[in-house]
Every structure is written in C-alpha cells, then in structure tokens.
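Worksheet: the structure to be examined is printed underneath.
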Amino acid sequence: MNIIDTKWVFKNKLDEQGIIVRNKARLVAKGYNQEEGIDYGETYTPVARLEAVRLLLAYACMNGFKLHQMDVKSAFLNGYIDEEIYVSQPSGFEDHKHPDHVFRLKKALYGLKQAPRQWYERLSNFLLSHVYEKGKTYKTLFIKKAFNDIILVQVYIDDIIFGSTNKNLCEHFVIAMQGEFEMSMM
C-alpha cells in the first residue's frame, strides 16, 4: 500500500481592485504518486458535453423558463472513498509522539486521482434518491417530472445549471441541495 504525501496550497483571493480579501489554505494529496491498480481502480467521471448544455439552453428557451446556477463549495471533499487510501501527516501538523503514523481517508482530497469520480457518484446517488432520472444519452443531465412540470439539472463538475417549468420545483431543489452540500447560488 502506497502512502500518499500531502502538501499545503495557499491562495490569496483578490477583489476587483486587486486587494487581498481572504487567504485560503487547502490540504492537497500528491496524487501524481498514485499507481493505477494499487492506489485506485477507476478515475473516469462523466463531464457535461457542449451539446448537452446547448440542449438544456434550447429547451429552457422553448419552454420559457429561467435557468439558475449553483456552485458546490469544495466539491471533491464531498466524495466518499471506496478504496483504502493512506496519507502522510501534513507538514506543520505532525504528531511528535507518533511520527510514523498515517491517516486513512474516508473522504476524497483534492489531488487524488479518484476524487472527481467519487464526487460525481455521490451527487448522482443523491439526485437519484430524490427521484431524478439520469439522462440516457447525456449522463450529466438529470430530469424530474412532477405532473405536467419538469425540472432539468445539468452537472458540470462542481457547477450545476438547473431550471424548471414550475418555480416551486427549483425552490425545492435548492433546499434539498443546500441541505446536503455547501452551495452558493449565482
């Protein structure tokens, strides 16, 4: 079993004038050290194709409904890990009594090869459990029908575009998503 090293990534968030508004720090796995078949099995995750987005835009235009966008904060940290993955202690946070100890991950970290797949799997399972149907051609398009109304949800990694013929369906979708994930509306 490989032990994957970690590193800290620091970023300054700037406003329109270039003034630092916030400092961000993120612990990231050095996933480039992972070996296929040993550390992970499958990494592929569906990504929305341009045709799927155009289809959503055309359908919304034809049916006269408004589209909304949500962004999932730290999306890849929401994915549950199926494999056993161990990471080293982050620099600056080493346990001096147990310097050889490692951490077993239960959730994905940025930098892991399987993080995007695990995030999509969790989001997909969440939507399917809320009676959405996955598109047959475009696996990132989810559809829910309620009587004569429909809500369409297009997933592109951590961005979600959605719209409905009924405003209440959009409101219920937002409440459900914000109840499960940390989201920001745009």
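Say we look at the stretch 135-176 and pick out the residues that are in a strand (DSSP E or B) and among the small types (Gly, Ala, Ser); which of these is nearest to the chain's Cα centre (by Cα)?
To start, the set of residues in the stretch 135-176 that are in a strand (DSSP E or B) comprises 141-146, 149-156, 159-164.
Those left that are additionally among the small types (Gly, Ala, Ser): 146, 163-164.
Numbers: ALA146: 26, GLY163: 19, SER164: 22 Å.
Selected residue: GLY163.
Answer yes or no: is there a residue in the stretch 64-77 that is surrounded by 14 or more Cβ atoms within 10 Å (Cβ to Cβ), basic (Lys, Arg) and in contact (Cβ under 8 Å) with a residue 12 or more places away in the chain.
No.
Does LEU112 satisfy being within 25 Å of LEU27 (Cα to Cα) and within 21 Å of the chain's Cα centre (by Cα)? Step through it out loud before you land on a result.
Values: within 25 Å of LEU27 (Cα to Cα): yes; within 21 Å of the chain's Cα centre (by Cα): yes.
In short, yes.
Each reported figure results from applying straightforward, stated rules to the coordinates on display, with no laboratory input. The structure displayed is predicted, hence computed values, not measured ones. Using ideal geometry, Cβ is built from the backbone for each residue, glycine included, and neighbour counts are taken over all protein chains shown.
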